[in-house]
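I have placed the structure first, in the form of structure tokens, so that the comments after it can refer back to it.
The values are calculated or read from the model by the stated rules, or taken from the named source; none is laboratory data. If you're wondering where the values come from, they're calculated on a predicted model, not measured in any experiment. Here the Cβ is made from the backbone with ideal geometry for all residues, glycine too, and neighbour counts use every protein chain on show.
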Amino acid sequence: MTLCYQTHFILQSPGPIMDIEVNQWKYLIGITFSTGLVALWIYYYGLKGVLASRSTILELTWPLSALFVGYFFLNESLTMTQWAGAVALIVIMIFISRGNAVLVGGEEGR
């Protein structure tokens, strides 16, 4: 579906994307496959040796790290929604790491 939209966009309003030279396309494709695929391969290879419970907690740190870098290093201000999201993620990480059972429909989830 995405490919259809991209093709339509390129053909209907070519603009600057059609100004990219063949050599530049080679670089773009090389960067896409080298950084994208290699990074994903390393990521999934690393997940083989990590427990699902631990990887869940570690995955939740990505948005927090983005907030941290933006706020402390790039001097960006955060909205109330972003602060609330950060607090929610921290609470969820604590909840998961303690191994508390989730109540679902009045029964303990297992």
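General remarks:
- Residue match in segment 47-60 (condition: farther than 30 Å from Gly99 by Cβ and modelled with pLDDT under 85): no
- Residue check for Ala39: outside the structural domain of Val91 (by TED's automatic domain parsing) and at pLDDT 80 or above: yes
- Check on Leu51, surrounded by 10 or more Cβ atoms within 10 Å (Cβ to Cβ) and among the aliphatic types (A, V, I, L, M): no
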